[in-house]
Amino acid sequence: MYTKLSDILEAAKTKSIRRIAVAAAADKPVLLALKEAMKSNIVIPVLVGNSEVIINISKEIELNLDKIKIIDEANPKKAAVKAVAEIRNGNADILMKGLVSSGAFLKAILNKENGLRKSGTLSHVAFFESPYYHKLIGLSDAALNVEPEFNDKVAILKNGVEAFNKLGIKEPKVAVIGAVESVNSKMQPSVDASLLTMMNKRNQITNCIIDGPLALDNAVSADAAKHKGIESPVAGDVDFILCPDIYSANIMYKTLNFMGGATSAAVIMGATVPVVLTSRSDTDQSKLMSIALAAAME
């Protein structure tokens, strides 16, 4: 069980050093995070971007480029394509977004001929260390899938479970949350949650334990579930929360970070390799932990 994000960093240190291809790498916050990750001996970067700017920033932050491969490409969209090519050619194990738009970055990943498509659905998986919870807790999808239909939710859930499995957590407890903890035909998320739970019971979704619909309080608090008469193997000990849409997930993500005292790390799952896509509002520590998260995955 991981209780702190630093546990993931320590797990990454036990793995072989991973090569991380960075698209449009001429970005100071990204290079600072990579510098710290290199100090921890978890990654060796392959920097794709404007080489002159990369060198200038590296001098400013005292990043030693002696063992780092730099591929000169000033155009961010082309840099994303070339970073993906480094993965496809076996020259890197992790992909990271630098100073390029998310749209162009994801387009390079999802290219049918030259991308990193593994399944039809990419999804964002965030891990939080909260002072009010006894272990790390995962959340999807706060960044990519806006109003996922049922089959999309199945894929998002499976991507999240895969992330936990790759960290060595064999059966993460999954709460499919919504506004209520009972099935209401007028509230589609509650119907979807009940179907996902039944699919898990019938081994159509495996390597996890699913319960839903659950309201958030039932998912994170055994006392709240008991008070409402809910008996659940997930309640109070949830590992992974699946939200009904990007609106609720994004609000929860930012509430945890900016008002709840949490710190986070996140990856994109569903590609052939872990993908680090950080936000401009993420702290340097969050960026470092996101790199560590990707590097810790087997």
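Restricting attention to the range 134-163, which residues are in a loop (DSSP other than H, G, I, E, B) and under 11 Å from C243 (Cβ atoms)?
Looking only at the range 134-163, we keep the residues that are in a loop (DSSP other than H, G, I, E, B), and these are 134-136, 141-149.
Hits for the range 134-163 are D141, A142, N145, P148.
Name the residue, out of S248, S286, S290, that is at pLDDT 95 or above, closer than 25 Å to K28 by Cα and hydroxyl-bearing (S, T, Y). Break it down stepwise before answering.
On the way: S248 fails: closer than 25 Å to K28 by Cα; S286 fails: at pLDDT 95 or above.
Answer to the check: S290.
Scan the range 275-294 for residues that are within 18 Å of D141 (Cβ to Cβ) and crowded, with 23+ Cβ neighbours inside 10 Å and jot them down.
Step one: filter the range 275-294 for residues within 18 Å of D141 (Cβ to Cβ), giving 275-279, 281-282, 286, 290, 293-294.
V275, V276, T278, S290, L293, A294, listed by residue number.
Any residue at all in the range 82-100 that is assigned by TED's automatic domain parsing to the domain that holds V43, part of a helix (DSSP H, G or I), within 16 Å of the chain's Cα centre (by Cα) and closer than 15 Å to V275 by Cα?
No - not one qualifying residue is present in the range 82-100.
For the range 1-32, give me the residue count where each residue is more than 19 Å from S281 (Cα to Cα), of a type outside the set (G, A, S) and assigned to a loop (DSSP other than H, G, I, E, B).
We begin by selecting, within the range 1-32, every residue more than 19 Å from S281 (Cα to Cα); these are 1-4, 6-21.
Next, from what is left, pick out any that are of a type outside the set (G, A, S): 1-4, 7-10, 13-15, 17-20.
Pick out the ones that are also assigned to a loop (DSSP other than H, G, I, E, B) and you get 1-4, 14-15, 17.
So the count comes out to 7.
For V220, state whether it is surrounded by 18 or more Cβ atoms within 10 Å (Cβ to Cβ) and not small (G, A, S). Walk me through how you get there before you give the answer.
Numbers: surrounded by 18 or more Cβ atoms within 10 Å (Cβ to Cβ): yes; not small (G, A, S): yes.
Yes.
Just to verify a result, which residue in the range 116-156, among those that are surrounded by fewer than 15 Cβ atoms within 10 Å (Cβ to Cβ) and small (G, A, S), is modelled with the highest pLDDT?
Ranking the candidates gives G120 first.
Hey, any hits in the range 103-115 for a residue that's touching a residue at least 60 places away in the same chain (Cβ under 8 Å), crowded, with 21+ Cβ neighbours inside 10 Å, out of contact with any His (no Cβ under 7 Å at 6 or more places or on another chain) and in a loop (DSSP other than H, G, I, E, B)?
Taking every residue of the range 103-115 in turn, none turns out to be touching a residue at least 60 places away in the same chain (Cβ under 8 Å), crowded, with 21+ Cβ neighbours inside 10 Å, out of contact with any His (no Cβ under 7 Å at 6 or more places or on another chain) and in a loop (DSSP other than H, G, I, E, B).
The values are calculated or read from the model by the stated rules, or taken from the named source; none is laboratory data. Keep in mind that this is a model prediction, so the values were computed, not measured. Every residue, glycine as well, gets a Cβ built from its backbone with ideal geometry; the counts of neighbours run over all protein chains shown.
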